[in-house]
Amino acid sequence: MGDLTVQLEQQIQHAYATKTPLKIRGGNTKASLGRETSGEAMDMADHSGVISYSATELVVRARAGTKISLLNDLLAEQHQRLPFEPPSFAGEATIGGTVAANQTGASRPWFGGVKDSLLGLGLINGYGEVMQFGGQVMKNVAGFDVTRLQCGAMGSLGLITDVSIKVLPEFKAGHTLTFDMTIEAALEAMLKWANLSLPITGMSHFKGLLYVRLQGGAGGVASASTFLGGEKLASKAAEIFWQAIREGSFLQPRHDQTLWRWSGASDTLANTVPNTSLINWAGAERWVLTEALDTPLEGLVQYQGGDRLAEVYGAISAPQQALQQRIKHAFDPHGILNAGRLYAWM
Amino acid sequence: MNSLLNASNKPPHEGVIDVSTFVSALQKILPVGAVILSKEGQRPFECDGLTVYQQLPLVTAMPETVDQVQAILRLSHLHGLPLVPRGAGTGLCAGAMPHAEGLLLVLTKLNQIVHVNHKTCTATVQPGVRNLALTEAVAPFGLYYAPDPSSQIACTIGGNVAENSGGVHCLKYGLTVNNLLQVTMVTIEGEIMTLGGAGLDEPGMDLLSLMVGSEGLLGVVVEAKVKLLPRAPRVQVLVAAYDTVTAAGDAVAALIGQGIIPAGLEMMDHLAISAAEDFVKVGYPTDAQALLICELDGTDAEVEEQLLLVCECFKQHGAHHIRIAKDAAEAAALWQGRKAAFPAVGRISPDYYCMDGTIPRSQVGYVLTRISELSQFYGLRVANVFHAGDGNLHPLILFDASIDGELEQAELLGGDILTLCVDVGGTITGEHGVGLEKMPQMPYQFGDAELAQFRRLKAAFDSEELLNPGKAIPTLKYCQEYRSLQHG
Ligand SMILES: Cc1cc2nc3c(=O)[nH]c(=O)nc-3n(C[C@H](O)[C@H](O)[C@H](O)COP(=O)(O)OP(=O)(O)OC[C@H]3O[C@@H](n4cnc5c(N)ncnc54)[C@H](O)[C@@H]3O)c2cc1C
C-alpha cells in the first residue's frame, strides 16, 4: 500500500523506449473479461490507499489499486456508498480496474454508471507522462472529458493511477418485492413501473421471478411497497440475491460455456434476445448463457468464456475503427498499453 | 480583446482557400436563402451570449437536412476552410463566435423531434430542437428533460451537448452527459458516426462522453437520443433567508453532508436578491444577505420526510425566514426570481459579465469573501447567483463598457475569480465551457502534458484543425507565450 506513481511512470517510460507491451493488472479479478493479451505485467495492487475522503463534500479520491471492498467499508462508516454499486469480486476488485472495465451494479438505470460518479482521474499515457484530468468538484467542463473516456477503455488509453468519485448517502430504508412472472410479463411490468417516479433501485428477472428493490426514506419505500404489492422478500434473502446480481455469480460460465451480454432499449421484446437467462437493469441488460464455445450471437458481447482471441466486443464501423485507432495513437503511440485487450486492432 | 487570442484565430490554409469556388459549391448544396453572404444578413450571428467578442464570418450556412450538413463538412474539408457550428448562440464563452475566414454552420433549422418513446422514457431529437420545446413536447406523457439551463427557452440540444450544459435541477439529475444515451455526429470528413447506443453502457471506450462538452471541436452533432424523466408526483419549493453568505453556504454544506440531495439548491446574494425582487416582485426578503432556494421532489411521503429535515437544517444554520410555497403558482414565482436573475442584474447595470467557476462546497464562504474583496479592489460590483448544491458559482461582474477601461477591469476581475477557483481545488468552468473566453486560464488549470494530450486528441478527430479552431484548447504557441508572460 502506498504511492508508486514514480515507479509506474518509470516502468512505462522504459516500455515506451523499448516498445515493450505491458499488461495492466489490478486485483486480477477481470482476467476473464476482454480479449486475451500478453505483455510484461504491470501490477497495480500495491499502488493503493485512499488519498482523501470528505464525507461532507461527498467525494472520495483513491489510488487505482485500492480495493472496492475497502472503499465500501470506509464509506459505510460515514453512512455513505458508491452510487454505481460495483462488484467487489471476493473483495479483490480494485477501483482502477472497475473504472477501466466499466463495472456497474443493479442500480444502473436510476443511479447511473461509473461515468456518472466519476469526477476525475490521474492517468499515465503511453509516453509515460503523468497527467490529471477532471478533479474533485461536481461540475467541470474545462478541456475534453478524458476522464470519462477511460470508462470501458480497458486500460488501452493509459494507466489509471487514481480516481475521484462522487459518493452518496446510504439509503435509510429498503426492501425487495418479488413477483411470479414470465419474462414477457416482467418486461412489461418493469417498463410500466420505471415510468412512475418510485424509489426503485433494482429490477431483475431470474428463474421466473421478478425482483424489485425499493430503497430510500422509510415513508417513500413503505408507500411504494403498498402500491406495487408482490411478496416481500426476507432481508437476508434479498441481500444474497442482490449480491449475486452485483457479483455476477448466478451465471458463471463453465469451461465449455459462453456468457453473452446484450445491452439495448428496455422495451425490446423478449424474443429478440432468445434464451435469456437473466434480465437486469429493468430490461436494458440481458444475459445469455450458451453451451457452445464460439457461435457468435448477433449484436451480443461475448462477455466471458469462449474464444478469448476473437473480437469479443464485436465489430464496429470502419470509420469508427479508424478513429479509435487514431485516439489510441494519441495516447499510446507505440501501442504498449494493454494492446489488443479491447480489439485485436487496438 | 487579447493579442494572444487573436494570434490563434488564423486560418490554417491561409492564402490557399479559393473562396468563390467554395461559395458556389455551397450554393449548389443548399437552397436559396440558406447561404448568407451579406454583412447585414450575418450580423445576428456575429457573437453568442458573450457579446463583447464579435466577429463576422466569411459565409453563413443554414442546412435543413443531415445530408446537407455532411456535404458542407466535406466541402469545408476539401477547401481547408474553418467551420464553426452554432446552435441558438446563447453560449456564454464565445464558443460559437464565427471565424473571420470561415463558415458558420447554423443548426437551428434541424429542429425536429424525431421520436419520443414514452415507454422507455427516451427521445430522439435533431440538434436544433430547443431545450424547453423538448420538455413541452413530452409533457403530455408526464415526462420532462431534466437538464434545464436558465436559457432553456432558446438554447438548443446540440449546444447543450457541445457545452455539457446544466441547470438548476442538475444537483439531483445530472448534467447533459448524465442524460444522454446516444449521439450521431458528422466528422470533418463528412462521415456519419453514432456514439453510445440504445442501451445504458455500450462496450469499449466512452466516446459518447468525450463528445459531450467538446465545444464543436470534434464533430457536428446531428442527432441526440436523450433520457426523459417521469414528473415527480409532488414538487415542493422553499426559500430560506440568511444574514451572511457564509451561514447560507454552511447550511448548504450541512444539508448535503447529511445526505439530503434536493432536486435543486440555489443561492443568491444581497445584490442579486434586490435586483431580482425589483424585476419580478415575488416577495423575496430584500434585507437578507443570502437566499437559498430549495426544491424537493418525489412521492408525497418522500417529500414530507425531507421537508422536515431541510427546514430543521436551515434553521440550525441561522435561517431567519423560511417560506414554503403553498402551491404550484407560488413555487413558480419563487423560481422565477432565480431564473430571471441574469436579466434582472442586466437592469441595474449597463453591462455584466458572467463567470462560471466551480469549487468544493466547503469553500463557498471563503471564496465569496475573497470575491467581495476583489470587487472592492477593482471598484466593480459583483452579484452572486449560483448552483450552491454543486458549488458552481456564477458571479456577475457589473460594469459599463462605455466607460474607458472598465471592460478590461471586468475581465481582470473575472480572471482573478477563475484562478481563485482553481486555487481552492475547483475549475474555471462548471457548465458554460471554455470557448474563446477562458483560453487564458486553461494553462493555469492544466499542465503542459494534459494540454498536449488534448491537442493530440483533437488531431485524432480533426488533424487540420478546421472545426471551431482557436477555441477551448490552447495551441502550444499560445501556452508558451502564456508561460513566458507568467515568468517574465
Ligand atoms: C441568460 C442565459 C442563461 C444561461 N443559463 C445557463 C445555465 O443555467 N446552465 C448552462 O449550462 N448554461 C447556461 N447558459 C449558457 C448557454 O445557454 C448554454 O451553453 C447552451 O447549451 C448553449 O446552447 P446554444 O444552442 O445557444 O449553443 P451555441 O451558443 O450556439 O453554441 C455553443 C457551443 O456549442 C457548439 N455547437 C452548437 N451546436 C452544435 C452542434 N450541433 N454540434 C457541435 N457543436 C455545436 C458551438 O460551436 C459552440 O462552441 C445561459 C446563457 C444565457 C444567455
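The values are calculated or read from the model by the stated rules, or taken from the named source; none is laboratory data. For clarity, every value in this text was computed on a predicted model and none was experimentally measured. When we count neighbours, we look across all protein chains shown, and the Cβ atoms used for this are built from the backbone with ideal geometry, even at glycine.
Laid out as a table, the results:
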| read-out | value |
| --- | --- |
| Selection from the range B:73-92 of residues that are within 12 Å of the ligand (Cβ to nearest atom) and at negative phi | B:Leu73, B:Pro82, B:Leu83, B:Val84, B:Pro85, B:Arg86, B:Gly87, B:Ala88, B:Thr90, B:Gly91, B:Leu92 |
| Residue in the range B:189-207 that is of a type in the set (A, V, I, L, M, F, W, C) and within 8 Å of the ligand (Cβ to nearest atom) present | no |
| Qualifying positions in the range B:139-156 - in a helix (DSSP H, G or I) and within 8 Å of the ligand (Cβ to nearest atom) | none |
| Per-region count, the range B:40-87, residues crowded, with 23+ Cβ neighbours inside 10 Å, of a type in the set (A, V, I, L, M) and within 20 Å of B:Glu163 (Cβ to Cβ) | 3 |
| Count of residues meeting criterion [more than 10 Å from chain A (Cβ to nearest Cβ) and either part of a loop (DSSP other than H, G, I, E, B) or away from the ligand (no atom under 16 Å from the Cβ) (or both)] in the range B:216-249 | 16 |
| Residue within the range A:174-187 that is within 14 Å of chain B (Cβ to nearest Cβ) and in contact with a Pro (Cβ under 9 Å, 6 or more places away or on another chain) present | yes |
| Test: residue in the range A:91-104 that is charged (D, E, K, R) and more than 7 Å from chain B (Cβ to nearest Cβ) | yes |
| Unique residue being under 22 Å from the mean Cα position of the chain (by Cα) and surrounded by fewer than 19 Cβ atoms within 10 Å (Cβ to Cβ) when the list is B:Gln376, B:Gln336 | B:Gln336 |
| Whichever residue in the range B:261-285 is out of contact with any His (no Cβ under 8 Å at 6 or more places or on another chain) and assigned to a loop (DSSP other than H, G, I, E, B) and, among such residues, is farthest from B:Gly249 (Cα to Cα) | B:Lys281 |
| Test set (1) touching a residue at least 60 places away in the same chain (Cβ under 8 Å); (2) surrounded by 24 or more Cβ atoms within 10 Å (Cβ to Cβ); (3) under 27 Å from the mean Cα position of the chain (by Cα) - B:Leu271 fails condition number | (2) |
| The one condition in (1) buried (at least 24 other Cβ atoms within 10 Å of the Cβ); (2) away from the ligand (no atom under 16 Å from the Cβ); (3) within 14 Å of another protein chain (Cβ to nearest Cβ); (4) not hydroxyl-bearing (Ser, Thr, Tyr) that B:Ala254 fails to fulfil | (1) |
| Odd one out for B:Asn111 among (1) in contact with a strand residue (DSSP E or B) (Cβ under 7 Å, 6 or more places away or on another chain); (2) within 13 Å of the ligand (Cβ to nearest atom) | (1) |
| Residue check for B:Ile397: buried (at least 21 other Cβ atoms within 10 Å of the Cβ) and more than 8 Å from chain A (Cβ to nearest Cβ) | yes |
| Among the candidates A:Ser223, A:Ser266, residue that is within 14 Å of chain B (Cβ to nearest Cβ), touching a residue at least 40 places away in the same chain (Cβ under 8 Å) and of a type in the set (Ser, Thr, Tyr) | A:Ser266 |
| Meets criteria (within 16 Å of the ligand (Cβ to nearest atom), modelled with pLDDT of 95 or more and under 22 Å from B:Gln336 (Cα atoms)) for B:Met211 | no |
| In the range A:119-130, residue farthest from A:Gln11 (Cα to Cα) [restricted to those that are crowded, with 22+ Cβ neighbours inside 10 Å and at the interface with chain B (Cβ under 9 Å from one of its Cβ atoms)] | A:Leu123 |
| Residue in the range B:432-446 that is within 12 Å of chain A (Cβ to nearest Cβ), closer than 22 Å to B:Ala341 by Cα and not charged (D, E, K, R) present | yes |
| Unmet requirement for B:Glu136, which otherwise passes all of (1) more than 13 Å from the ligand (Cβ to nearest atom); (2) assigned to a helix (DSSP H, G or I); (3) under 28 Å from A:Leu269 (Cβ atoms) | (3) |
| Any chance B:Ser362 is under 29 Å from the mean Cα position of the chain (by Cα) and farther than 30 Å from B:Glu408 by Cα | yes |
| Pick from the range A:49-66, criterion outside any strand (DSSP E or B) and either within 14 Å of chain B (Cβ to nearest Cβ) or surrounded by fewer than 21 Cβ atoms within 10 Å (Cβ to Cβ) (or both), ranking: modelled with the highest pLDDT | A:Gly49 |
| Count of the range A:193-219 residues which are at pLDDT below 95 and either on the phi > 0 side of the Ramachandran plot or assigned to a helix (DSSP H, G or I) (or both) | 5 |
| Matching residues in the range B:455-477 - criterion: being assigned to a helix (DSSP H, G or I) and within 14 Å of chain A (Cβ to nearest Cβ) | B:Arg455, B:Arg456, B:Leu457, B:Lys458, B:Ala459, B:Ala460, B:Phe461 |
| Residue pairs meeting the criteria (Cβ under 6 Å; at least 6 apart or on separate chains; first within 10 Å of another protein chain (Cβ to nearest Cβ), in the range B:174-192; second within 11 Å of the ligand (Cβ to nearest atom) and small (Gly, Ala, Ser)) | B:Leu175/B:Gly166; B:Thr176/B:Ser165; B:Thr187/B:Gly219 |
| A:Arg341 modelled with pLDDT of 95 or more and either of a type in the set (Lys, Arg) or more than 19 Å from the chain's Cα centre (by Cα) (or both) | yes |
| Check on B:Ala276, within 16 Å of the ligand (Cβ to nearest atom), more than 8 Å from every other protein chain (Cβ to nearest Cβ) and out of contact with any Pro (no Cβ under 8 Å at 6 or more places or on another chain) | yes |
| Check on A:Ala31, surrounded by fewer than 18 Cβ atoms within 10 Å (Cβ to Cβ) and either modelled with pLDDT of 95 or more or assigned to a strand (DSSP E or B) (or both) | no |
| Residue satisfying all of: in the range B:166-188; within 12 Å of the ligand (Cβ to nearest atom), at pLDDT 95 or above and assigned to a helix (DSSP H, G or I); surrounded by the most Cβ atoms within 10 Å (Cβ to Cβ) among these | B:Thr176 |
